[in-house]
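Q: Sharing a structure with you now.
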Amino acid sequence: MITDDQINSALDYLRDSAPKAAVARAQSRTLEKYLGVVEAQQKSHAVGRSNAAAQDEARASPEYKQALDAWEEAVRRDCEFTMLREAASSRIEAWRTQSSNERAARI
């Protein structure tokens, strides 16, 4: 049985985590774009190389790896918030079904 306290906790979590979840999503999307900036900066150092060779060199750079690691962490945090918020929403939906079934049984 899902209790009213559990539902209140789920609702509180959804409300309270929304700002942090929004920041995590924004950081994830921003860092994805930042990878392109780092790649372009690194490609600009590869004078006289083909575009493919410059791209390979840029993506092998420590700066690109650092940006990629930062993006990975941002995506992980975004996914964690998403999964936890989906779990809270699922608990609420299960409680709704449970409550509906209890009302139907009383009729």
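Q: Scanning segment 27-49 for residues that are within 19 Å of LYS65 (Cβ to Cβ) and among the basic types (Lys, Arg), which turns out most open to solvent (accessible area, probe 1.4 Å)? Explain how you work it out, then say what you get.
A: Residues of segment 27-49 that are within 19 Å of LYS65 (Cβ to Cβ), as a first pass: 27-28, 30-46.
Still in the running and among the basic types (Lys, Arg): 33, 43.
On the way: LYS33: 154, LYS43: 56 Å².
Per the stated criteria, the residue is LYS33.
Q: All but one of (1) open to solvent by less than 50 Å² (accessible area, probe 1.4 Å); (2) assigned to a helix (DSSP H, G or I) hold for ASN101; state the number of the condition that does not hold.
A: Result: ASN101 passes all but (1).
Q: Take the conditions closer than 21 Å to SER89 by Cβ, open to solvent by less than 80 Å² (accessible area, probe 1.4 Å), touching a helix residue (DSSP H, G or I) at 6+ places or on another chain (Cβ under 8 Å) and assigned to a helix (DSSP H, G or I) and apply them to ALA24. Does it pass?
A: Taking the combined requirement at face value, the residue satisfies it.
Q: Say we look at segment 49-67 and pick out the residues that are of a type in the set (Gly, Ala, Ser) and not in a loop (DSSP other than H, G, I, E, B); which of these is nearest to CYS79 (Cα to Cα)? Please lay out each step first, then the result.
A: Kept after step one, since they are of a type in the set (Gly, Ala, Ser), are these residues of segment 49-67: 50, 52-54, 58, 60-61, 67.
Those still in the list that are not in a loop (DSSP other than H, G, I, E, B) too: 52-54, 58, 67.
Numbers: ALA52: 32, ALA53: 33, ALA54: 32, ALA58: 28, ALA67: 18 Å.
The residue in question is ALA67.
Q: Something else about it: Restricting segment 1-48 to residues that are of a type in the set (Ser, Thr, Tyr) and modelled with pLDDT of 95 or more, which is farthest from the chain's Cα centre (by Cα)? If you could, list the steps in order and put the result at the bottom.
A: Let us first name the residues in segment 1-48 that are of a type in the set (Ser, Thr, Tyr), namely 3, 9, 13, 17, 28, 30, 34, 44.
Within this subset, residues satisfying the condition of being modelled with pLDDT of 95 or more are 9, 13, 17, 28, 30, 34.
Details: SER9: 22, TYR13: 16, SER17: 13, SER28: 7, THR30: 12, TYR34: 16 Å.
Looking at the filtered set, the residue picked out is SER9.
Q: Does ALA46 satisfy being part of a helix (DSSP H, G or I) and hydrophobic (A, V, I, L, M, F, W, C)? Before you say what the answer is, go through the steps one by one.
A: On the way: part of a helix (DSSP H, G or I): no; hydrophobic (A, V, I, L, M, F, W, C): yes.
The answer is no for ALA46.
Q: Just to be sure before I move on: is ALA67 touching an Asp or Glu at 6+ places or on another chain (Cβ under 8 Å), touching a residue at least 12 places away in the same chain (Cβ under 8 Å) and either closer than 30 Å to GLU93 by Cα or open to solvent by less than 40 Å² (accessible area, probe 1.4 Å) (or both) in the structure I sent?
A: When the stated conditions are applied, ALA67 does not pass them.
The values are calculated or read from the model by the stated rules, or taken from the named source; none is laboratory data. Being a predicted model, the structure only gives us computed values, none of them experimental. Note that we place each Cβ from the backbone using ideal geometry, even for glycine, and neighbour counts take in every protein chain shown. Heads up: the accessible areas ignore ligands, DNA and RNA and are worked out on the full protein's heavy atoms, side chains in. Shrake-Rupley method; radii C 1.70, N 1.55, O 1.52, S 1.80 Å.
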